[in-house]
1. Mind pulling up the Rg/Rh value for the stretch 46-103? Radius of gyration and Kirkwood radius, both on Cα.
2. Which value, in debye to the nearest 20, describes the size of the charge dipole of the stretch 43-130 about its Cα centre when Lys and Arg Cβ atoms bear +1, Asp and Glu Cβ atoms bear -1, and nothing else is charged?
3. Tell me, what are the semi-axes, in whole angstrom and largest first, of the equivalent ellipsoid of the stretch 21-136 as set by the roots of 5 times the Cα gyration tensor eigenvalues?
4. Using only helices, what value at 222 nm comes out for the chain when you add -39,500 (n - 2.57) per DSSP H run of length 4 or more and divide by the total residues, to the nearest 500 deg cm²/dmol?
5. Cross-link candidates for Lys174: which lysines have Cα within less than 17 Å, leaving aside residues fewer than 8 places away along the same chain?
6. Tell me the net charge near His242. Cut-off is 13 Å between Cβ atoms, His242 excluded, with +1 for each Lys or Arg and -1 for each Asp or Glu.
7. Would you mind computing, in nm to one decimal, how far apart the modelled labels at Ile176 and Asp65 are, each placed 7 Å from Cα along Cα→Cβ?
8. Apply the membrane-span-like helix rule to the chain: whole DSSP H runs, Cα extent along the own long axis of at least 15 Å, mean Kyte-Doolittle hydropathy at least 1.0. List the helices found.
Amino acid sequence: MKRSLFIIIMISLLAIIIVSLYYYYRWKPLWAYEEPRTFYSISHHQDDTLRIVMIGDSWVGMRTDTLNIMFQKRLSAISGRPVILKSKGKGGEKSRGIYQLMFEEDGLGTKPLLESGADYCVVIAGINDSAANLGKKQFSHHMKLIIDFLLKNDVRPILIEIPNVNIWNVYGGKPIKDLMVDFIKSLMTRCGMYHFPEYREALRLMLKDSKLFGPVIYVSMSDWNGKDYDLNMQLFLDDQIHLNQQGYLKLDSCIVNVIIQDL
């Protein structure tokens with residue numbers, strides 16, 4: 001009896017190890033570290049116009065022309081200078097993809113926006129890295145690639161901190177099988193499942209260790225949300241992940257203020 005139980009336990013452990021290794025190597029490309037891309041130049045115009053580019057995930061992709069025009073008018077009124085804001089984002093995109101899009105011209109590529117000129121670049125990323133359990137080291141690595149490229153072009157990066165969106169409001173309806181897959185991924189990347197704080201802290205640590213807190217403008221959730229990391233639901237759509245009109249206006253007001261302070 002004991003021998004049979006021992007054999008069953010050993011076979012089960014072996015099966016778990018084999019399955020884990022299979023999925024680890026199957027998912028390994030998801031966790032790959034992007035290499036720095038070939039450098040290109042971002043234009044700097046000899047006029048007094050402030051040029052801002054916004055890149056990132058759906059928080060940028062869902063922006064409307066009306067929001068961009070309102071942003072331009074607000075910043076122009078306070079700074080006394082003409083303002084051009086260009087934005088382009090991709091829903092569901094992770095930090096690696098956002099970096100890759102900086103070197104693409106077609107579709108959702110943001111290279112044309114950057115090449116046309118930028119004094120500041122607002123970067124919104126991280127929700128999807130955490131939701132996909134890709135790992136905080138991978139996230140920090142790709143954010144540093146984005147930051148390094150911008151700084152080499154004398155563009156001031158403005159990073160919007162990952163908020164505590166309610167990912168369970170959407171993901172809670174996933175089949176058990178898919179939730180288990182996400183849990184296994186989180187174990188493999190050694191991060192809590194959909195755990196935003198670890199990604200925030202990893203980014204802050206990278207900025208500190210790389211001495212980038214000075215060159216980079218870091219906008220925390222509490223800077224514009226007003227309730228620390230707790231969601232102010234008045235600023236979000238019913239999915240509790242994406243901003244509504246009021247949310248965009250409040251975030252934009254904060255971005256305008258940090259640019260004014262920097263000027």
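1. Values: Rg = 13.1 Å, Rh = 12.3 Å.
A ratio of 1.06.
2. Values: 11 positive and 11 negative charges, 55 e Å.
Charge dipole, the stretch 43-130, about its Cα centre: 260 debye, nearest 20.
3. Values: eigenvalues 203, 53, 21 Å².
Equivalent-ellipsoid dimensions as semi-axes: 32, 16, 10 Å.
4. On the way: 12 runs with 133 residues, N = 263.
Per the formula, -15500 deg cm²/dmol.
5. Of all the lysines, those that pass the test against Lys174 - Cα under 17 Å, at least 8 places apart if same chain - are Lys185.
6. Values: positive: Arg63; negative: Asp57, Asp238, Asp239.
Neighbourhood net charge equals -2.
7. 5.0
8. On the way: long enough: 2-27 (37 Å, 1.38); 65-79 (21 Å, 0.13); 136-152 (24 Å, -0.11); 176-188 (18 Å, 0.91); 196-209 (20 Å, -0.60); 245-262 (26 Å, 0.26).
Flagged H segments are 2-27.
The values are calculated or read from the model by the stated rules, or taken from the named source; none is laboratory data. The model shown is predicted, which means the values in this text are computed figures rather than measured ones. All Cβ positions, even for glycine, are placed from backbone atoms using ideal geometry, and neighbour counts span all protein chains on display. Ligands, DNA and RNA are excluded from the accessible area calculation, which covers all protein heavy atoms including side chains. Shrake-Rupley method; radii C 1.70, N 1.55, O 1.52, S 1.80 Å.
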